[in-house]
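**Q** Before anything else, here's the structure in question.
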Amino acid sequence: MPERSDARMDAKTQRLVLATKNPGKVLELKEILRHLPIEVVACSDYPGIPDVVEDGETFEENAIKKAQAVARATGEIALADDSGLEVDALGGRPGVHSARFREGVYSSGSERDKANYEKLLSLLEGVEEAKRTARFRCVVALSDPSGRTRLAEGVCEGRIAFAPLGSGGFGYDPVFIPSGHSKTFAALPQDVKNAMSHRALALKAAIPHIKEVFRL
Ligand code: ITT
């Protein structure tokens, strides 16, 4: 990373902007980063951040695009998360298209989430438990305003439930049962998810980069 002119600033004044418009991700990212001596803010706190078209074919491409756009627009260090669910019985779908798996009227929020996991359950009708294996994948990108970017990845293995269960989390959490558990992420306590999720593992892998960039 290039030196910022105020590179040795007081740690408490250092700010990391989360380049996501998904409030579920913001909550999880803030909680997982809580122990670091930096201020973590959502990009919704900044007016006029341009919408990023997520047209990449990989999680990496989209994460880089989001982090660079927000770092450039805010002049701060930005962290983006691009993530999704890979279902083996569907050849890895919805993958990078997880957010918009069920095309149609829903653009965001819990209605979109429900429409997405209902489509997934219907495509898996008749598929036996042993063949319902899946994984969440997350790539985080950390960018500075000059565009320099570092990447880290996390993967969480599991399987798709036969019916939704639980009200926690977001996205496909009501239908994803992480390995070693019998309940979905949405039915497990949030701290259990935050200790083992794809997002937590990606951030853990990104911590050395964050420490280096912020000189912690
Ligand atoms: P941003 O691009 O603004 O970050 P988004 O929701 O569009 O928000 P993605 O493009 O990365 O984010 O799509 C990720 C989708 O994958 C997300 O909308 C969920 O449907 C799903 N997903 C990712 N992580 C998840 C998690 O921890 N639990 C449940 N579903 C998850």
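**Q** Has segment 40-56 got at least one residue that is within 18 Å of P208 (Cα to Cα) and either within 12 Å of the ligand (Cβ to nearest atom) or in contact with a Pro (Cβ under 8 Å, 6 or more places away or on another chain) (or both)?
**A** no
**Q** Give just the number: which of (1) surrounded by 15 or more Cβ atoms within 10 Å (Cβ to Cβ); (2) closer than 24 Å to H181 by Cβ; (3) charged (D, E, K, R) does K131 not satisfy?
**A** Unmet for K131, out of (1) surrounded by 15 or more Cβ atoms within 10 Å (Cβ to Cβ); (2) closer than 24 Å to H181 by Cβ; (3) charged (D, E, K, R): (1).
**Q** Filter segment 57-75 down to residues that are under 16 Å from D45 (Cβ atoms) and among the aliphatic types (A, V, I, L, M) and give me whichever is surrounded by the fewest Cβ atoms within 10 Å (Cβ to Cβ).
**A** Of everything passing the filter in segment 57-75, A73 is surrounded by the fewest Cβ atoms within 10 Å (Cβ to Cβ).
**Q** Restricting to segment 85-109, name every residue that is under 19 Å from P23 (Cβ atoms) and not in a loop (DSSP other than H, G, I, E, B).
**A** L85, S98, A99, R100, G109
**Q** Condition test on V213, is it β-branched (V, I, T), crowded, with 17+ Cβ neighbours inside 10 Å and not in a strand (DSSP E or B)?
**A** Yes.
**Q** Being touching a strand residue (DSSP E or B) at 6+ places or on another chain (Cβ under 8 Å) and either closer than 17 Å to G154 by Cα or in contact (Cβ under 8 Å) with a residue 40 or more places away in the chain (or both) is the filter here; which residues of segment 37-52 pass it?
**A** I38
**Q** Additional query: In segment 196-208, is there at least one residue being out of contact with any helix residue (DSSP H, G or I) (no Cβ under 8 Å at 6 or more places or on another chain) and among the β-branched types (V, I, T)?
**A** yes
**Q** Sort out which residues of segment 71-109 are modelled with pLDDT of 95 or more, within 10 Å of the ligand (Cβ to nearest atom) and in contact with a Leu (Cβ under 9 Å, 6 or more places away or on another chain), and write them in order of number.
**A** A80, D81, L85, P94, G95, S98
**Q** Hey, another quick one. Count, please, the residues in segment 176-204 that happen to be in a loop (DSSP other than H, G, I, E, B) and more than 13 Å from the ligand (Cβ to nearest atom).
**A** 6
**Q** Looking at segment 110-119, is at least one residue in a strand (DSSP E or B), at pLDDT 95 or above and either among the aliphatic types (A, V, I, L, M) or surrounded by fewer than 22 Cβ atoms within 10 Å (Cβ to Cβ) (or both)?
**A** Taking every residue of segment 110-119 in turn, none turns out to be in a strand (DSSP E or B), at pLDDT 95 or above and either among the aliphatic types (A, V, I, L, M) or surrounded by fewer than 22 Cβ atoms within 10 Å (Cβ to Cβ) (or both).
Per-residue answers, yes or no, for (1) charged (D, E, K, R); (2) at negative phi:
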site	(1), (2)
V87	no, yes
G92	no, no
F101	no, yes
G126	no, no
K131	yes, yes
R137	yes, yes
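The values are calculated or read from the model by the stated rules, or taken from the named source; none is laboratory data. What you see is a predicted model, and the numbers here were worked out from it, not measured in a lab. When we count neighbours, we look across all protein chains shown, and the Cβ atoms used for this are built from the backbone with ideal geometry, even at glycine.
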